[in-house]
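Heads up: the structure comes next, in structure tokens.
The values are calculated or read from the model by the stated rules, or taken from the named source; none is laboratory data. From a predicted model like this one, the values you see are computed outputs, not experimental measurements. For neighbour counting, all protein chains shown are included, and Cβ atoms are generated from backbone atoms with ideal geometry for every residue, glycine included.
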Protein chains: 2
Amino acid sequence: MHNIMKIGIDILGIDEPSRIINFVNSYKDDEVELYVYGLEENLNQITKTENIIKNVCTEEVLMSDDAARVHRKKKDASMIRMLADLNNDVIDVAISGGSTGAFMASSLFMLGRIEGISKPGLASLLPTRSEHKFLFTDLGANVEAKPDDLVNYAKLGQLYMKYIYNIETPSVALLNVGVEESKGNKVYKEAHKLLKEDITNFKGNIEAREILEHKYDIVIADGFAGNILLKSIEGVASSLGKMIKGIFLENLITKISALLVKKGITAFKKKFDYSEYGGAFLLGIKKPSIKIHGSSDENALYYAVQQAKQIHKTKLYGIMIETMEKGETN
Amino acid sequence: MHNIMKIGIDILGIDEPSRIINFVNSYKDDEVELYVYGLEENLNQITKTENIIKNVCTEEVLMSDDAARVHRKKKDASMIRMLADLNNDVIDVAISGGSTGAFMASSLFMLGRIEGISKPGLASLLPTRSEHKFLFTDLGANVEAKPDDLVNYAKLGQLYMKYIYNIETPSVALLNVGVEESKGNKVYKEAHKLLKEDITNFKGNIEAREILEHKYDIVIADGFAGNILLKSIEGVASSLGKMIKGIFLENLITKISALLVKKGITAFKKKFDYSEYGGAFLLGIKKPSIKIHGSSDENALYYAVQQAKQIHKTKLYGIMIETMEKGETN
């Protein structure tokens, strides 16, 4: 079979590795060869034999490992072995649910930065109140972002949304403390100026208040504010969810009420279940490594593999490298 | 009557000035003399005569005014006249619902900074999922905060919570992108170190994910991240509220369901109605000026006046000035 894609999956790192085993055993796709990385005991549970390459590893990246050094200290850990194979073109795309810090640092050190990128930013699709989804970056990789970094995230984000979602010229907004150009600190004021000059379809600032309401394709922030925003969306949604659950559980009447709106509540929860959005990825590194949530299930894995296929088929990373080298966009 | 408090109220600036007129006309309090500032047409509607001093102004601070210059350009605007009276000890505390930018800049320029404070921070009480409330600063006054600024907000915040809420040694947490000491950018890493050295009962970092769940008395952030956090809490709560409303309005069955949980939903909404928490105020200026929301009603004004009384009775601002001059805390 020619032109088969090679997708790496790190069995360790997610809360329930059995979910990955289930996914691998049942996944049918003639276009894809799955390279799985795990301990022998994990790999022994894989019963599927076709289009599976098992890579027996003896180590595991733990949350307690030093993120910046783990790629040198645990060379036989599943995440590290997989990233090494990605770097050596043994596989085309890598998927891991392990420690975000280790994933980001190891991807950066092992796969390398695209020319012109000083610090990559972590990107992911996020939901809004409508069906609209948007690419948000940086989720927390670069907490000392410079204005140029933010412009680069916009450029690379536009390529991602263009090639993966067929949006011709994706719109870009800058997270800020007000919509006026003059708002923000020095980094944001300068970033606003540069984005206005360099980015076609730059729409100006967006306030955090509008983050679940807007229609932009891409929202840009530094890793500090971006991480605060991401976690406050998650935290407020979770806290309010608990409060609403409390309201429904109060007595028999309210429990009946809960049954009556069950369908709507399920749809509501599904919206904030990010698993169908694919994983997060570093904008600015040379090869595609995808970070899925530690709580990922078979469904989340399925979408991450589809995302990996799209990234590979569209030759997105080659285009990113070429675009940044030429210093051009669009 | 001796020892009567003089509280200034800016009639303009809130969405419905009639709310202030109603409040003033019905407020009964022998301890307080209300100094009201507004246009002649507003003041004519005040029928109460006892303990009322009317200050006829000819101008109004507008959202479109240059915040940094309005105190020099519109000296006869109600907000500016009131702040001038506060600075000249004609009144003891000032309350305004006008433009936050103009309020912050004019308070800073007209009332002056406390010695040792480089840039004041905007503070306000915020709710959590439980009954617990906490003081959050900076909401957006100082978007280029230095580590020392954050330490000063902790010191002044502790005095506020001690004198206004009788908490002996209020606990302090630093908003950050992770709980570990090593997390954050340079400003936050250095701030963490200084807070640990200087602040009794400093509890370390708090992630945005926990912002509606924690038990700290004070949470500190720079004005950029703080503003992003505040607005994302408001925005996510508002967006999710709309989604839930949509679920309940879908059909007759779901509308019946809504009736069954009406009590709980009303209590839920009340929690995110900040009006009973008093207004926001700048930590680090010499005199107490209180910023209420533009959408404030009679209830919000009532609580702002109670907050003003507490601030004046406890001599909080004198204590803040003295503490910072001595360079001591607690």
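The table that follows gives values for the structure above.
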item	result
Qualifying residue in region A:161-174 (condition: of a type outside the set (Gly, Ala, Ser) and under 30 Å from residue A:73 (Cα atoms))	no
Residue satisfying all of: in region B:174-187; surrounded by 19 or more Cβ atoms within 10 Å (Cβ to Cβ) and out of contact with any strand residue (DSSP E or B) (no Cβ under 8 Å at 6 or more places or on another chain); nearest to residue A:230 (Cα to Cα) among these	B:185
Hits in region A:215-231 - residues which are over 20 Å from residue A:156 (Cβ atoms) and in contact (Cβ under 8 Å) with a residue 24 or more places away in the chain	A:215
Lone unmet requirement of (1) more than 10 Å from every other protein chain (Cβ to nearest Cβ); (2) assigned to a helix (DSSP H, G or I); (3) surrounded by 21 or more Cβ atoms within 10 Å (Cβ to Cβ) for residue B:190	(3)
Qualifying residue in region A:64-83 (condition: within 14 Å of chain B (Cβ to nearest Cβ), closer than 24 Å to residue A:294 by Cβ and hydrophobic (A, V, I, L, M, F, W, C))	yes
Residue selected from region B:128-155 under the condition farther than 23 Å from residue A:184 by Cα and surrounded by fewer than 20 Cβ atoms within 10 Å (Cβ to Cβ), by the criterion farthest from the other protein chains (Cβ to nearest Cβ)	B:133
Cβ pairs under 8 Å, 6+ apart, first in region A:61-76 and under 15 Å from residue A:110 (Cα atoms), second exposed (fewer than 14 other Cβ atoms within 10 Å of the Cβ)	A:73/A:66; A:76/A:58
Scope region B:12-42; condition surrounded by 19 or more Cβ atoms within 10 Å (Cβ to Cβ), over 18 Å from residue B:86 (Cα atoms) and either outside the structural domain of residue B:293 (by the TED database) or more than 21 Å from the chain's Cα centre (by Cα) (or both); matching residues	B:21, B:42
Number of positions in region B:206-220 that are within 8 Å of chain A (Cβ to nearest Cβ), assigned to a loop (DSSP other than H, G, I, E, B) and within 21 Å of residue B:187 (Cβ to Cβ)	1
Hits in region B:156-173 - residues which are assigned to a helix (DSSP H, G or I) and crowded, with 16+ Cβ neighbours inside 10 Å	B:156, B:157, B:158, B:159, B:160, B:161, B:162, B:163, B:164
Condition met for residue B:233 (of a type in the set (A, V, I, L, M, F, W, C), over 28 Å from residue A:127 (Cβ atoms) and out of contact with any Phe, Trp or Tyr (no Cβ under 8 Å at 6 or more places or on another chain))	no
Test for residue A:197: is it of a type in the set (D, E, K, R), within 29 Å of residue B:185 (Cα to Cα) and surrounded by fewer than 18 Cβ atoms within 10 Å (Cβ to Cβ)	yes
Filtered residues of region B:1-21 (kept if in contact (Cβ under 8 Å) with a residue 60 or more places away in the chain and at positive phi)	B:13
Test for residue B:235: is it surrounded by 15 or more Cβ atoms within 10 Å (Cβ to Cβ), facing chain A (nearest Cβ under 8 Å), within 22 Å of residue A:183 (Cβ to Cβ) and touching a strand residue (DSSP E or B) at 6+ places or on another chain (Cβ under 8 Å)	yes
Qualifying position, being in contact with a Ser or Thr (Cβ under 7 Å, 6 or more places away or on another chain) and either more than 18 Å from residue B:126 (Cβ to Cβ) or of a type in the set (Phe, Trp, Tyr) (or both), among B:311, B:247, B:321, B:256	B:247
Failed item, numbered, when residue A:229 is tested on (1) assigned to a helix (DSSP H, G or I); (2) more than 14 Å from chain B (Cβ to nearest Cβ)	(2)
Residue within region A:89-111 that is within 12 Å of chain B (Cβ to nearest Cβ) and either more than 18 Å from the chain's Cα centre (by Cα) or without any contact (Cβ under 8 Å) to a residue 12 or more places away in the chain (or both) present	no
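A quick yes/no check of all residues on (1) under 27 Å from residue A:89 (Cβ atoms); (2) hydroxyl-bearing (Ser, Thr, Tyr):
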site: A:118; (1), (2): yes, yes
site: A:132; (1), (2): no, no
site: A:135; (1), (2): yes, no
site: A:138; (1), (2): no, no
site: A:141; (1), (2): yes, no
site: A:144; (1), (2): no, no
site: A:148; (1), (2): no, no
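Yes/no matrix, rows are residues, columns are (1) crowded, with 18+ Cβ neighbours inside 10 Å; (2) modelled with pLDDT under 80:
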| residue | (1), (2) |
| --- | --- |
| A:255 | no, no |
| A:263 | no, no |
| A:267 | no, yes |
| A:276 | no, yes |
| A:280 | yes, no |
| A:284 | yes, no |
| A:288 | yes, no |
| A:293 | yes, no |
